[in-house]
Amino acid sequence: MADADSSRRTIFIIVGILSAAIVAGLIYAFYSRSGPPQPPTQLPNAIRAGAPDFERYRARIQLDSVEAFESTRALGDIVMTLQGTVRNFTGQTLDGLEVYGAVLDPNGKPIKERTVAVIPNQKPELANNETMQARILLEGISKDAVRANIKMEIVGFRFKR
(Lines give C-alpha, C1' and ligand atoms only; values in the text may rest on other atoms or scores of the structure.)
Protein backbone atom coordinates (compact mmCIF):
# COMPACT_ATOMS: atom_id res chain seq x y z
CA MET A 1 0.00 0.00 0.00
CA ALA A 2 2.88 2.33 0.85
CA ASP A 3 4.46 1.57 -2.52
CA ALA A 4 1.24 2.53 -4.34
CA ASP A 5 1.03 5.87 -2.48
CA SER A 6 4.69 6.56 -3.23
CA SER A 7 4.17 5.81 -6.92
CA ARG A 8 1.14 8.11 -7.09
CA ARG A 9 3.07 10.96 -5.45
CA THR A 10 5.92 10.51 -7.91
CA ILE A 11 3.50 10.55 -10.85
CA PHE A 12 1.76 13.69 -9.48
CA ILE A 13 5.12 15.43 -9.04
CA ILE A 14 6.22 14.54 -12.59
CA VAL A 15 2.87 15.65 -14.06
CA GLY A 16 3.05 18.88 -12.03
CA ILE A 17 6.57 19.67 -13.23
CA LEU A 18 5.66 18.94 -16.86
CA SER A 19 2.51 21.08 -16.58
CA ALA A 20 4.49 23.98 -15.09
CA ALA A 21 7.08 23.70 -17.87
CA ILE A 22 4.38 23.74 -20.56
CA VAL A 23 2.63 26.76 -19.01
CA ALA A 24 5.97 28.61 -18.67
CA GLY A 25 6.76 27.85 -22.32
CA LEU A 26 3.37 29.14 -23.46
CA ILE A 27 3.77 32.34 -21.43
CA TYR A 28 7.25 32.89 -22.86
CA ALA A 29 6.01 32.30 -26.42
CA PHE A 30 3.10 34.69 -25.88
CA TYR A 31 5.23 37.53 -24.51
CA SER A 32 8.15 37.10 -26.90
CA ARG A 33 6.06 37.39 -30.05
CA SER A 34 6.86 40.51 -32.01
CA GLY A 35 3.19 41.48 -32.22
CA PRO A 36 1.45 42.84 -35.28
CA PRO A 37 3.54 43.55 -38.35
CA GLN A 38 5.32 46.89 -38.14
CA PRO A 39 4.51 49.52 -40.75
CA PRO A 40 7.32 50.30 -43.19
CA THR A 41 10.00 52.61 -41.80
CA GLN A 42 11.44 53.83 -45.09
CA LEU A 43 9.54 56.28 -47.21
CA PRO A 44 9.81 55.89 -50.97
CA ASN A 45 10.97 59.06 -52.77
CA ALA A 46 11.99 60.77 -49.52
CA ILE A 47 14.54 63.57 -49.36
CA ARG A 48 17.47 62.31 -47.26
CA ALA A 49 20.90 63.45 -46.14
CA GLY A 50 23.07 64.13 -49.17
CA ALA A 51 20.17 65.41 -51.29
CA PRO A 52 20.60 69.03 -52.47
CA ASP A 53 17.67 70.46 -50.48
CA PHE A 54 17.91 68.24 -47.38
CA GLU A 55 19.66 70.65 -45.01
CA ARG A 56 17.66 73.67 -46.18
CA TYR A 57 14.30 72.00 -45.50
CA ARG A 58 15.40 70.05 -42.44
CA ALA A 59 16.20 73.36 -40.73
CA ARG A 60 12.53 74.31 -41.28
CA ILE A 61 11.18 71.07 -39.82
CA GLN A 62 11.81 71.41 -36.12
CA LEU A 63 11.84 68.57 -33.63
CA ASP A 64 11.88 69.74 -30.04
CA SER A 65 10.57 69.03 -26.53
CA VAL A 66 12.02 65.52 -26.75
CA GLU A 67 11.18 63.34 -23.74
CA ALA A 68 11.53 59.67 -22.84
CA PHE A 69 9.09 57.53 -20.89
CA GLU A 70 10.29 54.24 -19.44
CA SER A 71 8.48 51.16 -18.19
CA THR A 72 9.49 47.64 -17.19
CA ARG A 73 7.78 44.60 -18.71
CA ALA A 74 7.00 41.37 -16.90
CA LEU A 75 9.88 39.68 -18.73
CA GLY A 76 12.31 42.04 -16.99
CA ASP A 77 13.33 44.16 -19.96
CA ILE A 78 12.67 47.87 -20.42
CA VAL A 79 10.49 49.62 -22.97
CA MET A 80 11.15 53.29 -23.70
CA THR A 81 8.91 55.65 -25.64
CA LEU A 82 10.66 58.66 -27.13
CA GLN A 83 8.36 61.56 -27.91
CA GLY A 84 8.95 64.97 -29.46
CA THR A 85 7.03 67.80 -31.06
CA VAL A 86 7.45 68.22 -34.84
CA ARG A 87 6.81 71.68 -36.31
CA ASN A 88 6.53 72.22 -40.07
CA PHE A 89 7.71 75.64 -41.31
CA THR A 90 8.63 74.57 -44.87
CA GLY A 91 5.76 76.34 -46.63
CA GLN A 92 4.54 72.96 -47.92
CA THR A 93 2.54 70.01 -46.62
CA LEU A 94 4.55 66.96 -45.54
CA ASP A 95 3.05 63.60 -46.50
CA GLY A 96 6.07 61.66 -45.25
CA LEU A 97 8.46 62.10 -42.33
CA GLU A 98 11.07 59.67 -41.01
CA VAL A 99 12.42 60.14 -37.50
CA TYR A 100 15.39 58.32 -35.94
CA GLY A 101 15.36 57.61 -32.22
CA ALA A 102 17.97 56.06 -29.95
CA VAL A 103 18.80 55.42 -26.32
CA LEU A 104 22.50 56.12 -25.78
CA ASP A 105 25.06 54.81 -23.32
CA PRO A 106 27.51 57.13 -21.49
CA ASN A 107 29.88 57.00 -24.51
CA GLY A 108 27.14 58.16 -26.90
CA LYS A 109 26.75 54.76 -28.54
CA PRO A 110 23.23 53.46 -29.21
CA ILE A 111 21.88 50.82 -26.84
CA LYS A 112 18.68 50.55 -28.87
CA GLU A 113 17.74 52.49 -32.01
CA ARG A 114 14.96 52.64 -34.55
CA THR A 115 13.79 54.72 -37.51
CA VAL A 116 10.03 55.26 -37.90
CA ALA A 117 7.94 56.85 -40.64
CA VAL A 118 5.82 58.96 -38.28
CA ILE A 119 4.00 60.47 -41.26
CA PRO A 120 1.90 58.72 -42.63
CA ASN A 121 1.89 56.06 -39.85
CA GLN A 122 0.99 58.34 -36.90
CA LYS A 123 -0.67 61.16 -38.85
CA PRO A 124 -1.60 61.23 -42.57
CA GLU A 125 0.09 64.56 -43.29
CA LEU A 126 1.42 67.71 -41.65
CA ALA A 127 0.44 71.03 -43.21
CA ASN A 128 2.62 74.12 -43.09
CA ASN A 129 2.65 75.78 -39.63
CA GLU A 130 1.14 72.68 -37.98
CA THR A 131 2.58 70.57 -35.19
CA MET A 132 2.32 66.92 -34.17
CA GLN A 133 3.67 64.56 -31.53
CA ALA A 134 6.11 61.99 -32.97
CA ARG A 135 6.59 58.78 -30.98
CA ILE A 136 9.16 56.00 -31.26
CA LEU A 137 8.82 52.80 -29.22
CA LEU A 138 12.08 51.07 -28.28
CA GLU A 139 11.57 47.58 -26.83
CA GLY A 140 13.87 44.94 -25.38
CA ILE A 141 16.33 47.18 -23.54
CA SER A 142 18.26 45.31 -20.87
CA LYS A 143 17.56 46.53 -17.36
CA ASP A 144 21.33 46.38 -16.77
CA ALA A 145 22.10 48.75 -19.66
CA VAL A 146 23.34 52.17 -18.55
CA ARG A 147 21.06 54.65 -20.27
CA ALA A 148 22.73 58.07 -20.30
CA ASN A 149 20.87 60.01 -22.99
CA ILE A 150 18.28 59.90 -25.77
CA LYS A 151 18.38 61.16 -29.33
CA MET A 152 15.67 61.95 -31.88
CA GLU A 153 16.32 63.49 -35.28
CA ILE A 154 14.66 63.90 -38.65
CA VAL A 155 16.31 61.71 -41.28
CA GLY A 156 13.92 61.93 -44.23
CA PHE A 157 10.85 63.75 -45.48
CA ARG A 158 8.58 63.99 -48.48
CA PHE A 159 6.27 66.76 -49.68
CA LYS A 160 2.71 66.32 -50.86
CA ARG A 161 2.35 66.74 -54.61
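Couple of notes before you dig in:
- Residue satisfying all of: in segment 66-100; in a strand (DSSP E or B), among the β-branched types (V, I, T) and open to solvent by less than 60 Å² (accessible area, probe 1.4 Å); nearest to A49 (Cα to Cα) among these: V99
- Looking across segment 95-114 at every residue that is in contact (Cβ under 8 Å) with a residue 60 or more places away in the chain and out of contact with any Asp or Glu (no Cβ under 6 Å at 6 or more places or on another chain), the one that is nearest to F69 (Cα to Cα) is identified as R114.
- From the list K151, K143, the lone residue that is basic (K, R) and surrounded by 12 or more Cβ atoms within 10 Å (Cβ to Cβ) is K151.
A quick yes/no check of all residues on (1) modelled with pLDDT under 95; (2) of a type in the set (K, R):
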| residue | (1), (2) |
| --- | --- |
| S32 | yes, no |
| P40 | yes, no |
| A49 | yes, no |
| R60 | no, yes |
| N88 | no, no |
| N121 | yes, no |
| E130 | no, no |
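- Residues in segment 101-132 that are part of a strand (DSSP E or B), among the aliphatic types (A, V, I, L, M) and more than 13 Å from the chain's Cα centre (by Cα): L104, L126, M132.
- The set of residues from segment 1-21 being basic (K, R) and either open to solvent by less than 100 Å² (accessible area, probe 1.4 Å) or in contact with an Asp or Glu (Cβ under 8 Å, 6 or more places away or on another chain) (or both) is empty.
- Residues that are in a loop (DSSP other than H, G, I, E, B) and out of contact with any Ser or Thr (no Cβ under 9 Å at 6 or more places or on another chain), drawn from segment 43-65: L43, P44, N45, A46, A49, G50, A51, P52, D53, A59
- Among the residues of segment 115-139, those identified as open to solvent by less than 40 Å² (accessible area, probe 1.4 Å) and in contact (Cβ under 8 Å) with a residue 60 or more places away in the chain are V116, A117, A134.
- Residue count for segment 88-140, restricted to those that are closer than 12 Å to M152 by Cα and in contact with a helix residue (DSSP H, G or I) (Cβ under 7 Å, 6 or more places away or on another chain): 2
The values are calculated or read from the model by the stated rules, or taken from the named source; none is laboratory data. Quick caveat, the model's predicted, so the values are computed rather than measured. FYI the Cβ positions are ideal-geometry reconstructions off the backbone, even for glycines, and counts take in every protein chain you see. The protein model used for the area step is the full one, side chains on, heavy atoms only, and it has no ligands, DNA or RNA in it. Shrake-Rupley method; radii C 1.70, N 1.55, O 1.52, S 1.80 Å.
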